[in-house]
1. Take the residues of the stretch 36-60 that are part of a loop (DSSP other than H, G, I, E, B) and not aliphatic (A, V, I, L, M): which is most open to solvent (accessible area, probe 1.4 Å)?
2. For residue 15, are the conditions met, namely being closer than 23 Å to residue 66 by Cβ and charged (D, E, K, R)?
3. So which residues in the stretch 7-35 are in contact (Cβ under 8 Å) with a residue 24 or more places away in the chain and surrounded by 16 or more Cβ atoms within 10 Å (Cβ to Cβ)?
Amino acid sequence: MAIVVDIDVLLAKRRMSVGALAEQIGITPANLAVLKNGRAKAVRFTTLEALCEALDCQPGDLLRWEPDEA
């Protein structure tokens, strides 16, 4: 996978649960888990904005690109 989602890293740093974050940003824990585990096909900017606000971070703290291994 080329895009890596680091929500779990930020959750651990902030000692926050998936359920608490999901409630704070207004999505279900299941949908947050899909995003967190890198299985999402897309993310809305409103969701990205809510994540950044709740976790006090920048979009680049949540998402990063890694080249595929050849």
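1. Selected residue: 41.
2. Spelling it out, it is not the case that residue 15 is closer than 23 Å to residue 66 by Cβ and charged (D, E, K, R).
3. Residues satisfying the conditions are 7, 10, 11, 21, 25, 32, 35.
The values are calculated or read from the model by the stated rules, or taken from the named source; none is laboratory data. As the structure is a computational prediction, the values presented were derived from the model and not from experiment. Positions of Cβ are backbone-derived with ideal geometry, glycine not excepted, and every protein chain shown enters the neighbour counts. For the accessible areas, the whole protein counts, side chains as well, though only heavy atoms, and no ligand, DNA or RNA atoms are used. Shrake-Rupley method; radii C 1.70, N 1.55, O 1.52, S 1.80 Å.
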